[in-house]
1. Out of the residues in the range 229-249 that are charged (D, E, K, R) and either touching a strand residue (DSSP E or B) at 6+ places or on another chain (Cβ under 7 Å) or within 13 Å of the ligand (Cβ to nearest atom) (or both), which is most open to solvent (accessible area, probe 1.4 Å)?
2. Let me spell it out: the conditions are (1) assigned to a loop (DSSP other than H, G, I, E, B); (2) more than 26 Å from Asn25 (Cβ to Cβ); (3) not hydroxyl-bearing (Ser, Thr, Tyr), and Leu243 meets all of them except one. Which number is the exception?
3. What are the residue pairs meeting all of these: first residue in the range 79-101, first residue under 13 Å from Val137 (Cα atoms), second residue among the hydroxyl-bearing types (Ser, Thr, Tyr) and not in a strand (DSSP E or B), Cβ atoms under 7 Å, and 6 or more apart or on different chains?
4. On the given criteria, is Asp111 at positive phi and not small (Gly, Ala, Ser)?
5. What number of residues in the range 1-31 are modelled with pLDDT of 95 or more and open to solvent by 40 Å² or more (accessible area, probe 1.4 Å)?
6. Considering each residue of the range 2-25, count those that are assigned to a loop (DSSP other than H, G, I, E, B) and at positive phi, and give that number.
7. Say whether the condition of being part of a helix (DSSP H, G or I) and either at pLDDT below 95 or in contact with an Asp or Glu (Cβ under 6 Å, 6 or more places away or on another chain) (or both) is met by at least one residue in the range 253-274.
8. Just wondering, is there one or more residues in the range 131-151 that are within 23 Å of the chain's Cα centre (by Cα), among the hydrophobic types (A, V, I, L, M, F, W, C) and either at pLDDT 95 or above or open to solvent by 30 Å² or more (accessible area, probe 1.4 Å) (or both)?
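The values are calculated or read from the model by the stated rules, or taken from the named source; none is laboratory data. Please read all numbers here as calculations on a predicted model, not as lab measurements. Because the Cβ atoms are built from the backbone with ideal geometry, glycine has one as well, and the counts that use them run over all protein chains shown. All accessible areas refer to the heavy atoms of the entire protein, side chains included, with ligands and DNA or RNA removed. Shrake-Rupley method; radii C 1.70, N 1.55, O 1.52, S 1.80 Å.
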Amino acid sequence: MEQLDFNNRNYKARFHLMPPKGWLNDPNGLCQVKGVHHIFFQYSPEDARGANKYWGHYETKDFLSYRYTGILLSPDTPYDKDGVYSGCAFVKEDTMYLYYTGNVIEEGDFDYIYEGRGANTLMVMTKDGITASAKEVLLKNKDYPSILSNHVRDPKVFCENGTYYMVLGARTKEDEGRVMVYTSLDLRNWSFDHFLYRKDFGFMWECPDLFRLGNWQYLSLSPQGLENETYRFQNRYHAGYFLAKKDLLEKESENCGLSEFYEWDYGFDFYAPQTYQDEKGRRILIGWMGVPDPEYDQDPTISEGWQHMLTLPRELTADEEGILCQNPVEEIKGLRSKQLFEEQNGVLAIWDKEECKVAKGDELTIETKGVYELLLSPKREFSLKLDVGVEFRYDDSQKELTLSLSEEVGHQRTIRRCKLSKKEVVWEVRAFVDTCCIEIYVNGGKYVFTTKYFPEDVTKKTIKLRGKRKKITLFSLGDFQYNN
Ligand code: FRU
């Protein structure tokens, strides 16, 4: 097993999971068993630009210290030789049943969309994420409805009222995104039950996730092929959720059970999230901090031999209308090492002069050395420069939030926008600023912006705030710990 050594990385993330080496994409197999959270991920160890896919495995009890235990699943059978693609964990009697897609590229002259690709659904069992039972092939192309292309993937399994359900993402031969709902009584034999779809909503639906929270039911997915708009769908590919208007496990909900689509994140780097329910009953979401085929330049971390990260684990909560808010799980507060600065109604309450320099004028400037969490309760409009080249702004007359990055730090990440409703104002901003990525949670996590950025100097961070505020608080943050 590889020993983790991140110290030769200039852009080493301090509190975001990175690949041990090479490339990382989707979070997979998220679950908690006997206190341990398992975080598998799509992994190409040999190439920071991505190559054949494996499942790597981190585990943690507290989201602060992590253990990397190596690769659990490799593309080593005829059924998954071209990629152990994304999937999930279903926990039964302390055993993880891992379901995933085995990608197979056939030899020949094929388009690999409608022909030439195998998309097998496989399952293995593991108790620890370190050793697994033999791979079992559960479904092959011929088992899927005939209206589908060869693009079928990303199983997510759950149980309701004694029936097991699996949702799978797909692209039809007519280039429409669909979710398939399968049922099973034994976790091995699966029967197709019905589709979930929305007309004219992209050509492929990846990474479906169907779950309930309180009285609400949701279908999360990562659709491909939606047109960019000013305030929505601004990246190449997107991720969000529908709220169920009818029970999505019922056949009748096929084409009419879905609300409008709410995007999970408005930043430049977010895709393929997965959720799970932990042992405390929390619904936790982790996303891939990256997007497929981005319009931006390749990340400079490639020259350090790695690319991409996972987001912080986020707890989901629903408001009165069922709209979901995301907030870093409570444990993440354990990263706070020191309160560096606090000002309330213009009165300075705390200032750690060793750790940060402060200048007050029209603009409040704080210079600090390390990574941090910033809490801001603005009075109205503001401009918040989170580092050289990163600006987060709120324009109250337009009800518009914008995140803009300069060419130097953004590497072609330019601007992302989010429109609030007429009745809303921004009342809270919580920003987590790591060495090369930022997560900004607005209004109790109703709007989130996740982005990578690559500052020239990673040893100091400069915050500049323009705009009246009720309160501003700054914490320095510690690092994730890794134990091999
Ligand atoms: C999403 C995705 C999945 C697929 C995996 C392959 O990013 O394209 O649909 O299973 O990545 O790495």
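1. Lys245
2. All conditions are met except number (1).
3. These pairs meet every condition: Val84/Ser74.
4. no
5. Residues meeting the conditions: 4.
6. Number of matching residues: 0.
7. Looking for residues that are part of a helix (DSSP H, G or I) and either at pLDDT below 95 or in contact with an Asp or Glu (Cβ under 6 Å, 6 or more places away or on another chain) (or both), one finds at least one in the range 253-274, hence yes.
8. No, that holds for no residue.
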